[in-house]
Amino acid sequence: MKVNPLIVALDTGDKEVLQALVEHLAPVVGAFKVGFYPFLLFGWDLVNYIHSRGSRVFLDLKLHDIPNTVAIAVEVAAHRGVFMVNLHTLGGREMMERAAQVAREISPRPLLLGVTVLTSMETQDLKEVGIQGPVEHRVLSLARLAHESGLDGVVASPQEARTIKEELGKEFVIVTPGVRPPGSPLHDQKRVATPREALLAGAHYIVVGRPICQAPDPVAAAREILEDLGMRTEG
Ligand code: C5P
């Protein structure tokens, strides 16, 4: 059976809206992405609620700290049964290796994903923080380091996905935000791809937020994306 690649970003602080989205979308989508905003408000209650509805959680906390602290955080998240958790690759090799080692020891083990360069940063922003060279080179070198350090994959823009796949192989998981169904408003996303383009470029999972959560009928919006990807949806 094909893996359901659709991860819905839950970027709202409204508890009732969150509950309704999870309840209705859980049977249709592959997972939910829980970032700082809902997590700081509702914490593990939200994660548990998603699990209770039979779905999975990508805990998008972009961990970045000393190796021991990140390893402990990964351990906690893994014991809570999250499906994916991410960390900044700029935390370095030892941080990623320790996190990967901890994750491997827990069953079921979460997928560990690296954040390379935030898509809000351009070459000049990198230069200001002392990192030389074009963003694309940095993304690739950090993805390589994540791979060597035992991470399962990276979060990457659709534009970056193709090169990462070519360089690091098709087993290395690529999770891609910045995805817009054809004709959908871009909001603040700049370099977007359609769901189909993102998967063709090498993404294993796509993260879609507003085009689903703000649609008049979120379930229909999610189904439309999946059907366009050739996934059968029930109902
Ligand atoms: O609403 P939208 O589909 O743009 O939501 C995309 C989600 O993915 C948001 O939670 C956003 O913070 C996240 N994200 C992103 N670009 C990145 C990393 C994360 O859009 N490079």
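The values are calculated or read from the model by the stated rules, or taken from the named source; none is laboratory data. Treat the numbers as computed from the prediction; the structure is a model and nothing was measured. Using ideal geometry, Cβ is built from the backbone for each residue, glycine included, and neighbour counts are taken over all protein chains shown.
With respect to (1) over 17 Å from the mean Cα position of the chain (by Cα); (2) more than 11 Å from the ligand (Cβ to nearest atom); (3) farther than 22 Å from L59 by Cβ; (4) hydroxyl-bearing (S, T, Y), the lone exception for S149 is condition (3). Against the list (1) out of contact with any helix residue (DSSP H, G or I) (no Cβ under 6 Å at 6 or more places or on another chain); (2) within 22 Å of I174 (Cα to Cα), the condition V47 fails is (2). Of A201, A193, A156, A161, all but one fail to be closer than 19 Å to F83 by Cβ and of a type in the set (A, V, I, L, M); the exception is A156.
Among the numbered conditions (1) surrounded by fewer than 17 Cβ atoms within 10 Å (Cβ to Cβ); (2) among the basic types (K, R); (3) at pLDDT 95 or above, the only one that K2 does not meet is (3). So, in segment 165-200, of the ones that are within 17 Å of A221 (Cβ to Cβ) and among the hydroxyl-bearing types (S, T, Y), which residue ends up nearest to the ligand (Cβ to nearest atom)? In this case the residue turns out to be S184. Scanning segment 110-122 for residues that are at pLDDT below 95 and away from the ligand (no atom under 16 Å from the Cβ) turns up nothing. Out of L87, L61, L40, one residue alone is under 25 Å from A222 (Cβ atoms) and of a type in the set (A, V, I, L, M). It is L61.
Please find, among E128, E94, E160, E167, the residue that is in contact (Cβ under 8 Å) with a residue 12 or more places away in the chain and either basic (K, R) or over 25 Å from L6 (Cα atoms) (or both). Give the steps one after another, and end with the answer.
Working: E128 fails: in contact (Cβ under 8 Å) with a residue 12 or more places away in the chain; E160 fails: either basic (K, R) or over 25 Å from L6 (Cα atoms) (or both); E167 fails: either basic (K, R) or over 25 Å from L6 (Cα atoms) (or both).
That would be E94, the only listed residue that is in contact (Cβ under 8 Å) with a residue 12 or more places away in the chain and either basic (K, R) or over 25 Å from L6 (Cα atoms) (or both).
Is segment 28-44 home to any residue that is without any contact (Cβ under 8 Å) to a residue 24 or more places away in the chain, farther than 20 Å from Q214 by Cα, away from the ligand (no atom under 12 Å from the Cβ) and of a type in the set (A, V, I, L, M)? The answer is yes; a qualifying residue exists. Within segment 155-190, the set of residues being among the polar types (S, T, N, Q) and more than 18 Å from D11 (Cα to Cα) comprises S157, Q159, T163. When R109 is tested against (1) in a helix (DSSP H, G or I); (2) surrounded by fewer than 16 Cβ atoms within 10 Å (Cβ to Cβ); (3) not hydroxyl-bearing (S, T, Y), just one condition goes unmet, and that condition is (1).
Does V85 qualify as being within 16 Å of the ligand (Cβ to nearest atom) and outside any helix (DSSP H, G or I)? Before the answer, list the steps.
Details: within 16 Å of the ligand (Cβ to nearest atom): yes; outside any helix (DSSP H, G or I): yes.
Against the criterion (within 16 Å of the ligand (Cβ to nearest atom) and outside any helix (DSSP H, G or I)), V85 qualifies.
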